[in-house]
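A.B. asks: Submitted below is the structure of interest, expressed as structure tokens.
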């Protein structure tokens, strides 16, 4: 499967109530790549992701999918093209993994439609891709944090969208599970050609795993481009207000930020 | 393609079949229970009428004695109980599933209070009766619900805020009811309290058509949204990502549920805890095998019919059905609160 | 300590000034409460009535309004303090004796005593009401505190509302078979100060005094609890002991009030909340001001009920619900979703 759909924003302003958090965002998400949105707390990363996935209606401007405004598309049509994993989804009590992942097929179902083998194939491949097939009969409540996150990703995969947005998918996970989830993102990107957009807190992981970075500051795009282009000492200093040194990550040869505080300098 | 079906796909199909099978079994069992209660109520009361005579009366034949007891006394009562119970059960479960909280039933968040206040006002102050009371209380129930919905809408609607605003609204409406009752000289206080507890004592066949229409229209509207409601259980954001129009679904569900509640309340008064109890019981029985709506409606019907039967014949005093369901519901409510809080989970 | 006082009331009005203003307002309210009613009275009648003369109808109605005013004053202060304590102890902006089911719990025990044990003396009511209030408060508190996130405002409000509904249906079940007492039970459903007598005031006065003393002594300790249980423990306080002490005070005040007036909701919610905006979070000032403002609010609501529904009157419980419920909704809207 190759990615064909392109997501972009035009003069996008959005926020909660009357207060605007985003101010005139103009971005085009590179198709078939992994993009991470980074920035300090309350800079509008999550707001941008939520607006791009239609959870928020923009005050001004548009989010365009292949040139069409997503806020004007039929919801189920959009849900077949663009998937989202929110920060804290809710697992209904006592639901099994298989059942939960099956719910990702909702956009393809009408009121009286039956389950088809297309559904089963999609669910199976989502379970396999996330390595959760053996959990199929387990209760979601019983799973560990890493397993649960993989199950939620499986649900979003069963949706079979070309574009997948994830809001801080690694929060609350220990470092091993963080890597596991990010490796999974790379596999999805390579095997399925899925365009992936993440909000990430960890700068070094973002630089290592992304093809494209968007650095945000106070509701605007400060800079965007390849990790090598964005992750520079002046940019990190401006975006986070942090003295730092950028070196090359010995593992991945991507930029790596070392924070500099007031103490403990040799 | 491959000859052997993938084992995972097979397991998925199998699990789905098992779930569907359990769901149908539960619904079938509940249907049988409803019919059994219906027949029991029709044939066994102060006197016992043979089933053959019951059937004859229902078919419109004149049977001496039985025509009056069954046709005039028992039939209206049991039909009203059946329909009102279904309404409350459906509406209660719809609210609980939508707000992901078993405690968010119309009893608690002001919908029932709004409809009751309007009905009491119409009866006491405007001397209305029958259908006009129902219309009045539907209107008021809708107004209250829309107000609660509107007041809780800030930076998007949040379930918790909606519940709290509803509790505040309910408190205010309860005091309206208390005031209206204190003004009621003409209306016997005892009767007023009986009505407020919920009772099918004054059931008449003329009330049945309106209830039927309400259950048919609002009930099918709710059931048509059952898939969206199921997805809403995974959270508003997930549901939206899966293509559910969350606010539109909420509005449709809320309006239909309020319609069901209001027509029911205008007929029998707010029968305590039926709307609240049916959902959790249904969820227990079907345990994630499908939508809890239909089973909850059937359970509501069983609760009201069974409760009325117990209140009439099995207790030393004659109690209205609301007292029986209240006595059943209160301990369960407390148990549910403890369980929910301990798990931090939801319906 | 002086530093702390200024710190707590920084950028707000000087507490003494606020308390002075409320006290003046209270005198005005009392005068209004004595002079306004179904029957119009002249100044001379008021003075004569206060002197104890009951020669004319006007003077007699002034004399009738005296205990009523006194009860409203006491009940208002008690509910104000009780609400302030509950909000502090639970760190919950929505805590209120009415919402936590304390009022209906008191009613329930009184009804049970009336129906099953034939207790109909006012002196019995007081004990029953306090016991009922305490039991229900404890119950609601325990239920909502179960679970890992503790007693959130949402859980509190739900537990309170649910318990209230459960108790009302029990009351119905108890009362319905008894035609003879339905009327006297009715008065336990709506709170009012219309039926006040010196006798009933004398009966609840000791409870109010003890409750008041207990709250005075717990006020400062509650300031430490406001920072969280862990911090309070770190500061060397026994959190459990403070809790029990505070609940005892709150329940005595609310229970005794309910025994005399029936359930009056929302005073304990509105008053401390507004006072906190005015005077800050120091519980010593907060409770004092809440007592004065609670009395003011209840007197005002009572007078309003007499004016609005002339020639009859609205019970004060109904008026406070109409003032308080919108206020409750306003607070809910102000809170962030996560805080609920």
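The values are calculated or read from the model by the stated rules, or taken from the named source; none is laboratory data. All values reported here derive from a predicted model rather than from experimental measurement. Please note: Cβ atoms are built from the backbone with ideal geometry, for glycine as well, and neighbour counts cover all protein chains shown.
A.B. asks: Determine which member of the set A:55, A:111 is in a loop (DSSP other than H, G, I, E, B), at the interface with chain B (Cβ under 7 Å from one of its Cβ atoms) and in contact (Cβ under 8 Å) with a residue 12 or more places away in the chain.
C.D. replies: A:55
A.B. asks: Might you let me know whether region B:133-155 holds any residue that is part of a loop (DSSP other than H, G, I, E, B) and either in contact (Cβ under 8 Å) with a residue 12 or more places away in the chain or away from every other protein chain (no Cβ under 14 Å) (or both)?
C.D. replies: yes
A.B. asks: Further question: Answer yes or no: is there a residue in region A:1-18 that is surrounded by fewer than 17 Cβ atoms within 10 Å (Cβ to Cβ), more than 8 Å from every other protein chain (Cβ to nearest Cβ), touching a helix residue (DSSP H, G or I) at 6+ places or on another chain (Cβ under 6 Å) and closer than 25 Å to residue A:132 by Cβ.
C.D. replies: Taking every residue of region A:1-18 in turn, at least one turns out to be surrounded by fewer than 17 Cβ atoms within 10 Å (Cβ to Cβ), more than 8 Å from every other protein chain (Cβ to nearest Cβ), touching a helix residue (DSSP H, G or I) at 6+ places or on another chain (Cβ under 6 Å) and closer than 25 Å to residue A:132 by Cβ.
A.B. asks: Of C:119, C:94, which residue is within 12 Å of chain B (Cβ to nearest Cβ) and in a loop (DSSP other than H, G, I, E, B)?
C.D. replies: Result: C:94 is the single residue among C:119, C:94 that is within 12 Å of chain B (Cβ to nearest Cβ) and in a loop (DSSP other than H, G, I, E, B).
A.B. asks: Which of the residues spanning region A:114-126 are within 7 Å of another protein chain (Cβ to nearest Cβ), more than 21 Å from residue A:163 (Cβ to Cβ) and not in a loop (DSSP other than H, G, I, E, B)?
C.D. replies: A:120, A:124
A.B. asks: Mind checking which residues of region C:291-317 are part of a loop (DSSP other than H, G, I, E, B) and either buried (at least 23 other Cβ atoms within 10 Å of the Cβ) or touching a helix residue (DSSP H, G or I) at 6+ places or on another chain (Cβ under 8 Å) (or both)?
C.D. replies: C:313, C:314, C:315, listed by residue number.
A.B. asks: Follow-up question, since we're still on this one. Please determine, by comparing only the residues of region B:295-330 that are at the interface with another protein chain (Cβ under 8 Å from one of its Cβ atoms) and farther than 11 Å from residue B:271 by Cβ, which one is modelled with the highest pLDDT.
C.D. replies: Among those that are at the interface with another protein chain (Cβ under 8 Å from one of its Cβ atoms) and farther than 11 Å from residue B:271 by Cβ, it is B:319.
A.B. asks: When region A:231-251 is examined, which residues are found to be in contact (Cβ under 8 Å) with a residue 24 or more places away in the chain and buried (at least 18 other Cβ atoms within 10 Å of the Cβ)?
C.D. replies: A:231, A:236, A:239, A:240
A.B. asks: Go through (1) at the interface with chain C (Cβ under 10 Å from one of its Cβ atoms); (2) out of contact with any helix residue (DSSP H, G or I) (no Cβ under 6 Å at 6 or more places or on another chain); (3) over 25 Å from residue C:176 (Cβ atoms) for residue B:283 and report which single condition fails.
C.D. replies: (1)
A.B. asks: Looking at region C:276-290 only, could you name the residues that are over 12 Å from the mean Cα position of the chain (by Cα) and in a helix (DSSP H, G or I)?
C.D. replies: C:276, C:277, C:278, C:279, C:283, C:284, C:285, C:286, C:287, C:288, C:289, listed by residue number.
A.B. asks: Return the total of residues in region A:127-146 being in a helix (DSSP H, G or I), surrounded by fewer than 17 Cβ atoms within 10 Å (Cβ to Cβ) and within 10 Å of another protein chain (Cβ to nearest Cβ).
C.D. replies: Qualifying residue count, region A:127-146: 3.
A.B. asks: Tell me, please, whether a residue that is in a loop (DSSP other than H, G, I, E, B), under 18 Å from residue A:82 (Cα atoms) and within 19 Å of the chain's Cα centre (by Cα) can be found in region A:37-50.
C.D. replies: Checked against the condition, which is being in a loop (DSSP other than H, G, I, E, B), under 18 Å from residue A:82 (Cα atoms) and within 19 Å of the chain's Cα centre (by Cα), region A:37-50 yields no hits at all.
A.B. asks: Answer yes if at least one residue in region C:256-274 is in a helix (DSSP H, G or I), over 26 Å from residue C:206 (Cα atoms) and over 12 Å from the mean Cα position of the chain (by Cα), and no otherwise.
C.D. replies: The answer is yes, given that some residue of region C:256-274 is in a helix (DSSP H, G or I), over 26 Å from residue C:206 (Cα atoms) and over 12 Å from the mean Cα position of the chain (by Cα).
A.B. asks: Then there's this: Is there any pair linking a residue in region C:177-199 that is farther than 22 Å from residue C:321 by Cβ and more than 7 Å from chain B (Cβ to nearest Cβ) to one that is surrounded by fewer than 18 Cβ atoms within 10 Å (Cβ to Cβ) and at pLDDT below 80, with Cβ under 7 Å and at least six apart or on different chains, and which?
C.D. replies: Within 7 Å, the pairs are C:199/C:122.
A.B. asks: Name the residue, out of B:200, B:253, that is away from every other protein chain (no Cβ under 13 Å), assigned to a loop (DSSP other than H, G, I, E, B) and in contact with a helix residue (DSSP H, G or I) (Cβ under 6 Å, 6 or more places away or on another chain).
C.D. replies: Every option except B:200 fails the conditions.
A.B. asks: Let me ask something else about it. Given the condition under 24 Å from residue C:29 (Cα atoms), more than 14 Å from every other protein chain (Cβ to nearest Cβ) and surrounded by fewer than 23 Cβ atoms within 10 Å (Cβ to Cβ), answer yes or no: does some residue in region C:254-276 qualify?
C.D. replies: yes
A.B. asks: Another question, then. Given A:104, A:83, which one is in contact (Cβ under 8 Å) with a residue 12 or more places away in the chain, at the interface with another protein chain (Cβ under 8 Å from one of its Cβ atoms) and under 17 Å from residue B:290 (Cα atoms)?
C.D. replies: A:104
A.B. asks: Please determine, by comparing only the residues of region B:210-245 that are at the interface with chain A (Cβ under 7 Å from one of its Cβ atoms) and part of a helix (DSSP H, G or I), which one is farthest from residue B:87 (Cα to Cα).
C.D. replies: B:241
A.B. asks: While we're here: Out of everything in region B:1-46 that is more than 30 Å from the chain's Cα centre (by Cα) and either away from chain A (no Cβ under 12 Å) or within 26 Å of residue B:310 (Cβ to Cβ) (or both), what residue ends up being surrounded by the most Cβ atoms within 10 Å (Cβ to Cβ)?
C.D. replies: B:4
Okay, residues lined up against (1) more than 24 Å from residue B:122 (Cβ to Cβ); (2) under 11 Å from the mean Cα position of the chain (by Cα):
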residue	(1), (2)
B:261	no, yes
B:265	no, yes
B:274	no, yes
B:283	yes, no
B:288	yes, no
B:297	yes, yes
B:310	yes, no
B:315	yes, no
B:318	yes, no
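A.B. asks: Working only within region B:63-110, note down all residues that are touching a helix residue (DSSP H, G or I) at 6+ places or on another chain (Cβ under 7 Å), modelled with pLDDT under 85 and more than 13 Å from every other protein chain (Cβ to nearest Cβ).
C.D. replies: Those that are touching a helix residue (DSSP H, G or I) at 6+ places or on another chain (Cβ under 7 Å), modelled with pLDDT under 85 and more than 13 Å from every other protein chain (Cβ to nearest Cβ): B:63, B:66, B:67, B:70, B:71.
A.B. asks: Okay, next question. Please state which one of A:123, A:34 is surrounded by 22 or more Cβ atoms within 10 Å (Cβ to Cβ) and over 19 Å from the mean Cα position of the chain (by Cα).
C.D. replies: A:123
A.B. asks: While we're looking at this one, here's another question. Can you spot a residue in region C:163-171 that is under 12 Å from residue B:193 (Cα atoms), part of a helix (DSSP H, G or I), within 7 Å of another protein chain (Cβ to nearest Cβ) and at pLDDT 75 or above?
C.D. replies: yes
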